[in-house]
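The values are calculated or read from the model by the stated rules, or taken from the named source; none is laboratory data. All of these numbers come straight from a predicted model, not from anything done at the bench. Ideal geometry is used to build each Cβ from the backbone, glycine not excepted, and the neighbour counts take in all protein chains shown. These area figures cover heavy atoms from the full protein model, side chains too; ligands, DNA and RNA do not enter into them. Shrake-Rupley method; radii C 1.70, N 1.55, O 1.52, S 1.80 Å.
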Amino acid sequence: MPQETPAQDLRKLIKFLIASAFYFFVGTVHGVAQVIPSVRIWLDSIGSPYGGPGHMIDPLAHAHINVVGGVVLLCMAVTYYMLTTLSRRPIWSMRLVDHSFWWTALGVAGFYSTLMTFGIVEGNMLLRGETEAIYKLHRFYGPFIAIISTGMGVGFWLFFANIFMTAKSIYSTPSSKTA
Ligand code: HEM
């Protein structure tokens, strides 16, 4: 009989599901707000969806809060749960489960807040004709979004590493015929 592996506390995956539902809530409220005529006219007047400050709000912020915050966090939890349940092998690292969650969840919150803040502030500056002020402020956008994007990326890469190492332990285990 294969050695029973100690049960891992898969309740750690619950936070992925709650965060996913929350980010979908934010993303859907954002989505509805974008079609309210006065908001739509404002977004179009600042360049959405093609460029300028409007592009940061629609589609970038809207797309990423839904696809990274909603879909990717859900996919991470489902992948972790199904991989360990189907293989009856433990996830390689539960610490990496937590790290992949917090880097991705806080990363997407930072990514969304940065895009929304720069989009709204620069958008209103644009409508007031303050091009010099936009230029001064936008110098900070690049470093800001790069640091936060890297944080979000770290969440993805820790998830990939944990999945690949788990797969390696599944297929290197003598009783891998379970897989
Ligand atoms: C670390 C993760 C990610 C980072 C840092 C990131 C960053 C970006 C950036 C900077 C752009 C804008 C490019 C431009 O200026 O037009 C972009 C566009 C986009 N991203 Fe991501 N992204 C990430 C993950 C994802 C994922 C996982 C998905 C889908 C599952 C996704 C879907 C999109 C889409 C659909 C667009 C195009 C939006 C448009 O202009 O219509 N992204 N992303």
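Expressed as a whole percentage, what fraction of the accessible surface of the chain belongs to carbon and sulfur atoms when a 1.4 Å probe is rolled over the protein heavy atoms? It is 73 percent, rounded to a whole number. Accessible surface for the range 1-133, divided over its residues, is 54 Å² per residue with a 1.4 Å probe. Of the chymotrypsin sites (Phe, Trp or Tyr not before Pro) found in the range 1-90, the ones in coil according to DSSP and having at most 10 other Cβ atoms within 10 Å of their Cβ are 50.
Per-residue ellipticity at 222 nm computed for the chain from its helices equals -23000 deg cm²/dmol, with DSSP H segments shorter than 4 residues left out and the rest contributing -39,500 (n - 2.57). Placing +1 on the Cβ of every Lys and Arg and -1 on the Cβ of every Asp and Glu, with no other charges, gives the chain a dipole of roughly 620 debye about its Cα centre. Sparse packing (at most 12 other Cβ atoms within 10 Å of the Cβ) combined with a DSSP loop state is found for the following chymotrypsin sites (Phe, Trp or Tyr not before Pro) in the range 92-179: 140.
If you average the sequence gap of Cα pairs under 8 Å that are 6 or more apart and divide by the length of the chain, what percent do you get for the contact order?
RCO, the chain: 27 percent.
Taking 7 Å steps out from each Cα toward its Cβ at residue 171 and residue 124 produces label points 5.4 nm apart. The modelled label-to-label distance between residue 94 and residue 81, using points 7 Å beyond Cα along the C-beta direction, is 1.7 nm.
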